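Just below is one structure, and these are the notes that go with it.
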Amino acid sequence: MIAEIARRLAFLPVTLFVVATLVFLALRALPGSTVDMLASSFSTAGLRDQLIAQLGLDQPLWKQYLIYVGDLVRGDLGRSFITGRDVATMVGETLPVTIELAVASLVVMMVVGLGMGLAAAARPGSLLDGALRFVAMTLFALPWFWFGILMIVVFSLWLGWLPAFGRLPSSVTYEPVTNFVLIDAILTGRPELIGPWLAHLTLPALTVGLTTAGMLMRLARAGVIETARLDFVRSARMKGVPPGRVFFRHVLRNAALGILTVIGLQFGAMLGGSVVAEVVFGYPGIGRMMVDAVLTRDYAVAQGAALVLAVLYVLVNLVTDLAYRWADPRLRREPGR
Amino acid sequence: MADSAGQKIAAGGVASLRLSAGVALAALPWLVAAIFVLAALLAPWLAPHDPVAGRAAPMQQMFSDGHLLGTDALGRDTLSRLLFGLRPMLVVSLGAVALALAAGGAYGLVSGTAGGRTDWAMMRAVDILMSFPLILAAILVLAALGPSLFNVTLAVAVSQLPIFARLARALAAGEAARDYVLAARAAGFSELHVMLREVAPNIARPLLVQATSVVALAALTAAALSYLGLGVRPPAPDLGYMVKEGQELLFIAPEQALLPGLLIAVFALAVSFCGDQLADVERRGGGA
Amino acid sequence: MTTRDFNPPTAITRRRFGQLLGLSGAALALPWRVEAQDGVETLVFALPGLVGNFEPHTWVGFGDTVHVMDTAARGLTHMNFTDPLPQPAIAESWTISDDGRTYDFRIREGLTFHDGTALDAAAVLRTFRRMIDEDDPTRPELSFALDNLGGDNVTGFEAPDAMTFRINLAKPDAAILGRLSRPDMVIVSPAALEEYGQEIGLNFVSCGPYRIVDVTPNERVVLEAFDNFYKGRPEVGRIVMQVIPEAVAQMTSLASGDLTVTNLIPHSNIDRLEGMDQIRIEQSAAFISAMLAMNCEAGVLSDIRVRQAINKAIDREAVVAEAFFGKAELPGYITPAAEQGYAPEHRRLSEYDPEGARALLEEAGATGAELSLISENSGFWPRLGQVVERSLNDVGLNVTTEYLDGGTFNGRLFDKEAHELAFLQRSAFFPDPDGRFSPLFASGTAGADEITAQSGLPAQARLDEMIAAANAESDPEARGQLYVEINTYMAEEIMPVAAVVNTFLPVAVSETLAGVNANALGTYRTFLEDTTFTS
């Protein structure tokens, strides 16, 4: 298992190198450049040339690329053309927001998805099973952005239960330390932050979590039903092991394999794919920052964000795989693939 | 006696009723999907007005004269725009899945049949593609190539490529280990022959089933791109973009954002159920 | 203000909506509201985004920076968007030499920066020296400030005595007083510059009505009233500028009272919000103009008759009604009615005349010509684009519009080989008439060279002369008249752009607020120092 981790981690730089190169090339293949954005409100031809030179964009592409890779190797993500700030700092501000949202969504997805899946699997073919399957499919089929708007209208506007935007109410002063509100609330001894923070997190997390819960429900249901049919479960039952114990020790543990994979995949997708939720709910996450950076041709920011998301994706997958191996005794014994 | 016979008949009746209700329920998603396709095909005849050039008083309410679902800010008939808006949704979702199926399937077929180092390298490439933020890939494709229906299709297809590549690879690798493939290789057939004539026919069916079940995902991805304003081509109607346009009118004419979103959801739901049924059949067929 | 009467039919009645919103407001206020500090009444302002770097020199767009800069900083002069002339701010008065090349500013006595540093001529000189001295260690890598003040025409800065600051010019430039009110011309504390150097934007200290207390990038800026502001301490004690990018979220929070001022709601919702008890829509003058730029070197567009036909073909009343829900103005030509240089007779330069357009196209042999139009894919542009495209096709052109992301759009806009027709937005950062012409339509600017490609036209030389002459005239009235003539000349002889519509950012404020400068907010400037709570 350690060998496998080492192998996967050893491959990480290759992945990053390819992702970095692809983003670098793709961004420069786009029409328009930062200079057009910077110069758009007041420009003379001379000023534009001067800008291009100052940003180093007059250098040949291979040279720009070498400089970029050189900086990367030294751990320097560069500086934003537009904001003049360190990309690493900007990532440090936006990534925790996205992780918060992804984790909260994951919790919603697991509670709702697993709950519905297990309830449905308890009596396959029953009316409840049918209804839950329909609900799951519907959740999956909802366009996320549309569902988000609907949530705002219902829960913010009509019922007035929950705030519709942002991370904290404007009346609260919050000085970030780690940018994770929960951790900061503990570190700085401000428990009063947690309530408002959760309230603001609820709608976006529900939107992302519920729309992804559908798939998990179907998997959990299928996994449990199929495992329950297997011989070792039957024999456990025949041996008179109490049903609860059979369910938790045998059925659930085996079904967990498939479920774990889905959870890992979905979490990875949430990290990079929460852009839409971030736009609808005005959540200042890394996805929105990355999209904005592409649209304004702020090369360094787009490159930095893409790289960080790629690293996270790989790490999440690695952790999922390890959990998978841990959960499955057969795989644990094998010395890696 | 008579009683029990009557009960039997009644029970039989209930059973057949259940059966036919089950059949009807199973047929429903196919029916809905068919209605979507028909409505899109027949849009020019079904739509009461021209969806683009039509010009009436703007922002008419639902159920107003001649405009069942009202008109938008530019005085165009909402019903007609919804009908024509089905077209890009269907073209993009089906087209993207077909593209991803063809490209990803071929890639996985080569990787799985070849095995060894080639297989390893090809699959690591897929891993890398998957770690590339998908939304970024789609935006890059659209910004580089410009907004057109084909480019949107391409962008969505890119996001689905890994699904098919991985599945095809797994299936092909499974087949490649079987006796008949070994026999074909031993008989001196070329790798190309083995791939196309021996392995491909045997992995086509599960791939097609998978394709059906991701059509919904493609439709949702395409709608999300439109919602972000990417790849849209106004004045041509597009459901995802109609949600975007209608969003600011939520407090004035909520139907303008709600209806197009509802259509996307119903379509995605119907094709998901269709895919589910096919997968069920495939699973049973595979088990038998 | 000319707006067409426009009342869209309604789905939910205004009252019902008000009730819905009112209800939600009450409920929202209850469980999650955390008490504001020390009972100070807080004004909450909506930002589209927040980068968190307030370096005036590298400021690049309309976004968040301007709002914060206007609230936290001030320059030598100030323009309030009601009076067409610049007023004293940090400078209490000024004198202009007879040749129009030397400006002496008298600095107000007794002022300090937010950090307590004295504000004198030396401090002002420190701010301006970093614009012109390329070796200044505090100067950021990309500094546009000098270009925004006048570029090469600015030959130097001096401080002849303790309270006098001098600007020397190569040739007269009457617009410089207006330019000094730009957000990038604000005076920065020399002590802070000394301490933070190039990082001044992250630790910004100036002399505006509010002091920055706390900045959380992407989320909010907290500001506090400054006692030693030149007009005295503002009445509203605390301002929170909160990032709320989405319209739906903004309107929800306006209704709940969580948001007190915003200029980000869509035009379509003005009537709706106006009908609500706790919200007021402020009337703003239309300083923002949308124009259709025509590439004078591209195919049929090189024929002025075609450009004039396009100008006549645009159904501007339909644009106002359909793209702006009635909340916009029919334009004169380049200069909007709210600025000097506008004359009512300019309205005929942008008259809708489809018959005339058809005749001109026929005459030029351009009927049925295929043209491409590029537009941005965000904001009001897609709706505007569709109405304009429809208008042009109605008179027999064959226009296809491409809706592009900002980066692609700008890339093609600034390349005359890459576009034919393109939309252009101008707004007044300072309402000086020169701001609409020198930076955009004088030869040598990217506007004239690349966007409209008008620099090579025979009539351009005269236009360049007229622009230079008008900007050399320092008598306001005579100057205004010269710009009136420039508008007419450019429309009749060159027609490089068609004026489409003039509009404003809708300003919605809480009913409890008075004294909001709506004209400034309507064109991206944020002067909140005169605002008061009435209840």
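The values are calculated or read from the model by the stated rules, or taken from the named source; none is laboratory data. What you are looking at is a predicted structure, and each value in this text was computed from that prediction instead of being measured. Ideal geometry is used to build each Cβ from the backbone, glycine not excepted, and the neighbour counts take in all protein chains shown. In case anyone asks, the SASA skips ligands and DNA or RNA and just uses the protein heavy atoms, side chains included. Shrake-Rupley method; radii C 1.70, N 1.55, O 1.52, S 1.80 Å.
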Quick check, is C:P88 touching a residue at least 60 places away in the same chain (Cβ under 8 Å) and at negative phi? no
Being among the hydrophobic types (A, V, I, L, M, F, W, C), within 14 Å of chain A (Cβ to nearest Cβ) and over 30 Å from B:L140 (Cβ atoms), is that true of even one residue in segment C:477-493?
no
Just checking, does segment B:140-152 include any residue being outside any helix (DSSP H, G or I) and either among the hydroxyl-bearing types (S, T, Y) or under 19 Å from the mean Cα position of the chain (by Cα) (or both)? yes
Taking segment C:296-312 and keeping residues in contact with an Asp or Glu (Cβ under 7 Å, 6 or more places away or on another chain), open to solvent by less than 40 Å² (accessible area, probe 1.4 Å) and closer than 19 Å to C:G385 by Cα leaves C:L301
* Asked: Do we find that B:G112 is part of a helix (DSSP H, G or I), touching a Phe, Trp or Tyr at 6+ places or on another chain (Cβ under 9 Å) and either open to solvent by less than 20 Å² (accessible area, probe 1.4 Å) or among the aromatic types (F, W, Y) (or both) in this structure?
  -> no
Counting only residues that are assigned to a loop (DSSP other than H, G, I, E, B) and surrounded by fewer than 23 Cβ atoms within 10 Å (Cβ to Cβ), segment C:247-265 contains a total of 2
In segment A:275-298, anything hydroxyl-bearing (S, T, Y) and open to solvent by 10 Å² or more (accessible area, probe 1.4 Å) is listed as A:T296
Of the residues in segment C:360-393 that are part of a helix (DSSP H, G or I) and surrounded by fewer than 16 Cβ atoms within 10 Å (Cβ to Cβ), the one that is farthest from the other protein chains (Cβ to nearest Cβ) is C:E363
Going through segment C:460-482 in order, the residues found to be open to solvent by less than 20 Å² (accessible area, probe 1.4 Å) and hydrophobic (A, V, I, L, M, F, W, C) are C:L463, C:I467, C:A470
How many residues of segment C:24-54 are at pLDDT 75 or above and charged (D, E, K, R)? The answer is 1
Residue set A:V308, A:V279; condition within 12 Å of chain C (Cβ to nearest Cβ) and among the β-branched types (V, I, T); output residue A:V279
Within segment C:55-80, of all residues that are in a loop (DSSP other than H, G, I, E, B) and surrounded by 22 or more Cβ atoms within 10 Å (Cβ to Cβ), the one modelled with the lowest pLDDT is C:V60
Just one listed residue, out of A:P169, A:P196, A:P204, is at pLDDT 85 or above, in contact with a Phe, Trp or Tyr (Cβ under 7 Å, 6 or more places away or on another chain) and within 14 Å of chain C (Cβ to nearest Cβ), and it is A:P204
Scanning segment B:229-288 for residues that are free of Cβ contacts under 8 Å to residues at least 24 places away in the same chain and of a type in the set (F, W, Y), the one surrounded by the most Cβ atoms within 10 Å (Cβ to Cβ) turns out to be B:Y241
Screening C:E339, C:E322 for residues that are assigned to a helix (DSSP H, G or I), in contact (Cβ under 8 Å) with a residue 24 or more places away in the chain and touching a Pro at 6+ places or on another chain (Cβ under 6 Å) leaves only C:E322
* Is there a residue in segment B:136-147 that is open to solvent by 50 Å² or more (accessible area, probe 1.4 Å) and without any contact (Cβ under 8 Å) to a residue 12 or more places away in the chain? -> yes
Selection from segment A:137-152 of residues more than 8 Å from chain B (Cβ to nearest Cβ) and small (G, A, S) yields A:G148
Within segment A:64-84, of all residues that are among the small types (G, A, S) and farther than 18 Å from A:M290 by Cα, the one nearest to the chain's Cα centre (by Cα) is A:G75
The condition from (1) aliphatic (A, V, I, L, M); (2) in the same structural domain as C:M241 (by TED's automatic domain parsing); (3) open to solvent by 10 Å² or more (accessible area, probe 1.4 Å) that C:L125 misses is numbered (2)
Review point. Can you find even one residue in segment C:433-441 that is aromatic (F, W, Y) and assigned to a helix (DSSP H, G or I)?
Key: yes
If we keep only residues of segment A:63-75 that are modelled with pLDDT of 85 or more and not aliphatic (A, V, I, L, M), then the residue farthest from A:V311 (Cα to Cα) is A:K63
Among residues of segment B:180-207 being of a type in the set (G, A, S) and more than 26 Å from the chain's Cα centre (by Cα), the residue most open to solvent (accessible area, probe 1.4 Å) is B:A186
If we keep only residues of segment C:266-278 that are in contact with a strand residue (DSSP E or B) (Cβ under 6 Å, 6 or more places away or on another chain) and not charged (D, E, K, R), then the residue surrounded by the most Cβ atoms within 10 Å (Cβ to Cβ) is C:L273
Selection over segment B:153-166 where residues are free of Cβ contacts under 8 Å to residues at least 60 places away in the same chain and open to solvent by less than 50 Å² (accessible area, probe 1.4 Å) yields a count of 2
Checking A:G78, A:G56, A:G113, A:G84 in turn, the sole residue that is among the small types (G, A, S), surrounded by 15 or more Cβ atoms within 10 Å (Cβ to Cβ) and within 12 Å of chain C (Cβ to nearest Cβ) turns out to be A:G84
Scanning segment C:154-195 for residues that are within 12 Å of chain A (Cβ to nearest Cβ) and open to solvent by 20 Å² or more (accessible area, probe 1.4 Å) gives C:R179, C:R182
(request) Kindly indicate whether B:S93 is within 14 Å of another protein chain (Cβ to nearest Cβ), among the hydroxyl-bearing types (S, T, Y) and without any contact (Cβ under 8 Å) to a residue 40 or more places away in the chain. (result) no
Exactly one of C:G116, C:G100 is in a loop (DSSP other than H, G, I, E, B), at positive phi and surrounded by 15 or more Cβ atoms within 10 Å (Cβ to Cβ), and that one is C:G100
Residue set A:L47, A:L22, A:L27, A:L38; condition hydrophobic (A, V, I, L, M, F, W, C), out of contact with any strand residue (DSSP E or B) (no Cβ under 6 Å at 6 or more places or on another chain), at pLDDT 80 or above and open to solvent by less than 50 Å² (accessible area, probe 1.4 Å); output residue A:L27
